[in-house]
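Q: One structure, as structure tokens, below. Some questions next.
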Amino acid sequence: MDDDYEPEVLIEVQNLSKIFGGKPERALQMLRDGKTKDEILEKTGQTVGLNNISFQVFRGEIFVLMGLSGCGKSTLLRCLNRLIDPTEGSIVIGGDDIVAMNDDEIREFRRTKAGMIFQNFALLPHRNVLDNVAFGLEIQGINLEERHTKAGEALKMVGLAGYEQSMPDQLSGGMKQRVGLARALASDAEILLMDEAFSALDPLIRRDMQDELVELQERLNKTIIFVTHDLDEALKLGSRIALMKDGKIIQVGTSEEILMNPSNDYVERFVADVDMTRVLTAQDVMKKADPIISCRSGPRLAARLMKEYGISSLFVVTQHRQLKGIVFIDDVVEAVKKDLTTLEEIVINDLTTIDLTTPLGDIIPIIADSKYPLPVVDQDGKLKGIIVRGSVLSALARKESEPIVA
Amino acid sequence: MSLRFSIDLPKIPIGQFVSDIVDWIEANLGWLLDGITEVLRFLLNGFQDILSFLPPLAMVPILGILIFLITRRDIHLSLLSVAGLLLIWNLQLWDQAMMTLSLVIASTIIALLLGIPIGILAANNDSVNTVVRVLLDFMQTMPSFVYLIPAVIFFSLGNVPGMIATVVFAMPPAIRLTNLGIRQIPIELIEVSDAFGATPRQKLIMVQLPVAMPTIMAGVNQCIMLALSMVVIASMIGAGGLGYQVLVGIQRVDIAMGFEAGLAIVVIAIILDRITQGLIKAEKPRE
């Protein structure tokens, strides 16, 4: 989510509609006239799957299609690799018009450009894990040795090295979906189409898989279209989210935008019961770490700062804002009495620290037990902010779109 | 008076009509019928030559080992089969049994060669499926006995018409279960092959057939069992083997002869059934 580069459009969908049924012309016309899905079904007996959908997907993002069942999200996903042929509209991916492709071209596109991952894993029951992963490569006509090497690498990527010879029905749900993921990764396609990929997994495993997908994505930088009906999942994974209803996209935006500015009542109702403790992370609720003290300063300065700000503890950092530890008021007073010149003797290094991306839900039990504010650090151990009980409570109580950070 | 008048309505000449068709076929398609006869006879003779190449006492252990290998080391079945075959030899029905076995194997092979592709076609095409289903339903309402009539009309008497009737009779389960097996493959597995860019041919070979294989094997089992039962009935139009012994037993009211031949048929039926059942189990995904 860096803001400093101009996102490059990889997938451009324009005015896409899908009518299920024999002769779509009349239904399409009615759709253009603004008739509803139900009216069209009643008059023509045809079902509107997608209604005039346009959106863009940027290279390297996780784009989530979200909505309740029957809203058309899976249909839309299947239009992207033409498992379902759209009735009208265009889909341009990397400069090529998918809708205009003939059978051979679309086959080539599916083989090399877009891998797909399915809700119920869709592993071939008669093949072992390695040959399941190599399935796409086999279709491409790659020889046995090379495809086993590549499949082995893909398995390693998803943490299933050593399971090559297992059969699918010997694996747990989470492992099966890892195989599904590896199968899509093996052909090195740039785009991954994930259809409710984690919905069939139980909640704990699902969370693990979500974390792992995010981690994989950081390394591989694929463009992922992720279909889900679970808003929490959408918020956790999505760089941007498209909310769908009745075959239409209601709102596209980042999770923040959707939560804070629901574009209409439907979106608002949808997001009303979001578990905020999973949406908000440490960086959303932390306060600026001020004051802090350098490890080179002495106890007298520490004592003065504490008095001035009315606090009983102070975080100690290096010149580069690297977190060193914490000092407490009692020890500082003692040190002043003993006439020590540095804080080194009284710094307590053994601290619980919080990552920038730790969800609020995980922070709450820690802060409840902590006697001092929690330091939030980045990957390099630099102090980015602190979390006090008050900021957690105010974030949870927040109603309007007021900024969280004080 | 009026009643009598109605009886005088002209008879619809169905029999004459059919007879004309048969005449036409015999006059114009004789070469085809001869060709079919030659192929079937060649196949039948081939299997018969193989099965009677060695004397019974050499053949029994060979068959036992073969069964052991086919069933992936089912020692019980192998020993049971050897015992059964020795019993047949002891009853002096060996030659007839090998004749029956040849008829069954040759007929089954042809029935499968025709039935499985038709099943695949029906599974992938709804119009073909409709036609095939109507035909199969019609065929299954007919008593097996009736299949003998066209066989005799076109191929006269002997082993070959027996095989024709057997093929027609044994083919439906192969078609039906191939069709069923492919149609009940989960939609996601079909989508997987499409989504990864498989051609229709790759989809068939890499996904549809292997996934449907347990069901197809159940069809093969049914096909073999039906073939055996029809080969016995076909003795009425001159097919040889154990069925003929049973028929003679019935005609002469020779209980001993009829019973022994019947027992030999049961032995062969059990062996064939157990082998193919074993194959079905082997095809099912492992635990």
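Read-outs throughout are calculated quantities, based only on the coordinates presented, and are distinct from any laboratory measurement. Owing to the predicted nature of the structure, the values given are computational and were not obtained by experimental measurement. No Cβ is skipped: glycine too gets one built from the backbone with ideal geometry, and neighbour counts run over all protein chains shown.
Q: Name the residue from A:ILE117, A:GLN165, A:ILE139 whose Cα lies farthest towards the positive end of the charge dipole of segment A:113-176, charges +1 on Cβ of Lys and Arg and -1 on Cβ of Asp and Glu.
A: The Cα lying farthest towards the positive end belongs to A:ILE117.
Q: Quick check of the Kirkwood formula: for chain A, what is the inverse mean of 1/r over all pairs of different Cα atoms, in Å?
A: Kirkwood hydrodynamic radius for chain A: 24.4 Å.
Q: Output ³J(HN,Hα) for segment B:244-261: one whole-Hz value per residue in order, computed from phi by the Karplus curve 6.51 cos²θ - 1.76 cosθ + 1.60 with θ = phi - 60°, and x for Gly and Pro.
A: Result, rounded to whole Hz: 5, 4, 4, 4, 4, x, 5, 5, 8, 6, 9, 4, 4, 5, x, 5, 4, 5.
Q: Here's another thing I want to ask about it. Highest mean first, what order results for A:257-270, A:131-144 on Cβ atoms within 10 Å?
A: Put in order of decreasing packing, that is A:131-144, A:257-270.
Q: Continuing with the same structure: Could you calculate the FRET efficiency of A:LEU41 with A:ILE205 from 1/(1 + (r/R0)^6), where r is the beta carbon distance between them and R0 is 51 Å, rounded to 0.05?
A: The formula returns an efficiency of 0.85 here.
Q: Given segment A:283-397, report the % of alpha carbon pairs whose separation exceeds 22 Å.
A: It works out to 32 percent of all Cα pairs.
Q: Let's see if you can work this out: charge +1 on each Lys and Arg Cβ, -1 on each Asp and Glu Cβ, no other charges. What is the dipole magnitude of chain B about its Cα centre, in debye to the nearest 20?
A: Once rounded to the nearest 20, the dipole reads 520 debye.
Q: Relative to the Cα centre, what is the charge dipole magnitude of the protein assembly as shown, using +1 at the beta carbon of each Lys and Arg, -1 at the beta carbon of each Asp and Glu, and rounding to the nearest 20 debye?
A: Taking the Cα centre of the protein assembly as shown as origin, the dipole is about 940 debye.
Q: Return the calculated 222 nm mean residue ellipticity for chain A, to the nearest 500 deg cm²/dmol, obtained by summing -39500 (n - 2.57) across DSSP H runs with n ≥ 4 and dividing by the residue count.
A: Helix-only estimate at 222 nm: -11000 deg cm²/dmol.
Q: Right, something else. Just tell me how shielded A:227-238 is by partners: mean number of partner chain Cβ atoms within 10 Å of each residue's Cβ, no decimals.
A: The mean count of partner-chain Cβ atoms within 10 Å per residue comes to 0.
Q: On to the next question. Any idea which of A:VAL392, A:PHE198, A:ILE11 is furthest toward the positive side of the dipole for chain A, if Lys and Arg beta-carbons carry +1 and Asp and Glu beta-carbons -1?
A: Of the listed residues, the answer is A:VAL392.
Q: Turning to a different aspect of this structure: For segment A:194-200, in order, what is each residue's ³J(HN,Hα) by Karplus, 6.51 cos²θ - 1.76 cosθ + 1.60 with θ = phi - 60°, in whole Hz (x at glycine and Pro)?
A: These are the phi-based 3J(HN,Hα) values: 10, 9, 6, 4, 10, 5, 8 Hz.
Q: Mind ranking B:222-232, A:296-306 by how tightly packed they are, going by the mean number of other C-beta atoms within 10 angstrom, highest first?
A: Packing proxy ranking, top to bottom: B:222-232, A:296-306.
Q: Dipole size in debye (nearest 20) for chain A around its Cα centre, Lys and Arg Cβ +1, Asp and Glu Cβ -1?
A: Computed charge dipole of chain A: roughly 500 debye.
Q: Output needed for segment B:1-141: three equivalent-ellipsoid semi-axes, defined as square roots of 5 times the C-alpha gyration tensor eigenvalues, in descending order, whole Å.
A: Square roots of five times the eigenvalues give 46, 22, 19 Å.
Q: Can you give me the long-range amide H partners of A:THR254? Hydrogens built in the peptide plane at 1.01 Å from N, cutoff under 5 Å, separation of 5 or more residues or another chain.
A: The list, which skips near neighbours in sequence, is A:ILE241.
Q: Can you pull the mean other chain C-beta count within 10 Å for peptide A:137-149?
A: Other-chain Cβ atoms within 10 Å of each residue's Cβ, averaged: 1.
Q: So which lysines can A:LYS37 reach, going by Cα to Cα under 20 Å and dropping same-chain residues fewer than 8 places off?
A: By straight Cα distance, A:LYS37 reaches A:LYS18, A:LYS23, A:LYS73, A:LYS245, A:LYS248.
Q: For the peptides A:85-92, A:246-253, what is the packing order when you average, over each peptide's residues, the other Cβ atoms within 10 Å and list the highest mean first?
A: A:246-253, A:85-92
Q: Could you estimate the translational diffusion coefficient of segment B:104-283 from the Stokes-Einstein equation, with Rh from the Kirkwood formula over C-alpha pairs, at 10 °C and 1.306 mPa s, in whole µm²/s?
A: 90
Q: Step through the residues of segment B:64-79 one at a time and calculate ³J(HN,Hα) from phi using the Karplus curve (6.51 cos²θ - 1.76 cosθ + 1.60, θ = phi - 60°), rounding each to whole Hz and writing x for Gly and Pro.
A: x, 5, 4, 5, 4, 6, 4, 8, 6, 6, 8, 5, 4, 4, 4, 5
Q: Here's a follow-up. Using a 10 Å cut-off around each Cβ of peptide B:180-193, what is the average number of partner chain Cβ atoms that fall inside?
A: 3
Q: Let me ask something else about it. Can you give me the distance in nm between label points at B:MET139 and A:LEU301, each placed 7 Å from the Cα along the Cα-to-Cβ direction?
A: It works out to 9.6 nm between the two label points.
Q: With runs of 4+ DSSP H residues as the only contributors, calculate the mean residue ellipticity of chain B at 222 nm using -39,500 (n - 2.57) per run, divided by the residue total and rounded to the nearest 500.
A: -27000 deg cm²/dmol
Q: Give me the one-decimal nm value for the distance between modelled label points at A:LYS156 and A:GLU12, 7 Å along each residue's Cα-to-Cβ direction.
A: Distance between the two pseudo-spin positions: 3.9 nm.
Q: With a ≥ b ≥ c taken as the square roots of the eigenvalues of the C-alpha gyration tensor of segment A:259-338, please select rounded if a/c is under 1.5 and otherwise prolate if a/b is larger than b/c or oblate if it is not?
A: prolate
Q: Let me ask something additional. So which lysines can A:LYS307 reach, going by Cα to Cα under 29 Å and dropping same-chain residues fewer than 8 places off?
A: A:LYS307 reaches A:LYS287, A:LYS288, A:LYS324, A:LYS337, A:LYS338, A:LYS371, A:LYS382, A:LYS384.
Q: For the protein assembly as shown, what is the Kirkwood hydrodynamic radius in Å, using each pair of distinct C-alpha atoms?
A: After inverting the pairwise mean of 1/r, the radius is 32.1 Å.
Q: Measure off 7 Å from each Cα along the Cα-to-Cβ vector at A:THR353 and A:ASN261, then give the distance between these two points in nanometres to one decimal.
A: 3.6
Q: In a Gaussian network model over chain B where Cα atoms closer than 10 Å are linked, find which of B:LEU209, B:LEU86, B:LEU57 has the largest mean-square fluctuation.
A: Highest fluctuation among the options: B:LEU57.
Q: Please list, in chain and number order, the residues 5+ apart from A:SER17 or on another chain whose amide H is under 5 Å from its amide H, with Hs placed from the backbone.
A: A:ASN52, A:ILE53, A:THR87, A:GLU88, A:GLY89
Q: Give me, ordered by chain and number, the residues 5 or more places off A:SER294 or on other chains with an amide H under 5 Å from its own placed amide H.
A: Here A:VAL317 satisfy the definition.
Q: Given springs between every Cα pair under 10 Å in a Gaussian network model of chain A, which of A:ASP355, A:ASP33, A:ASP96 has the largest fluctuation?
A: In this elastic network of chain A, the residue with the biggest mean-square fluctuation among A:ASP355, A:ASP33, A:ASP96 is A:ASP33.
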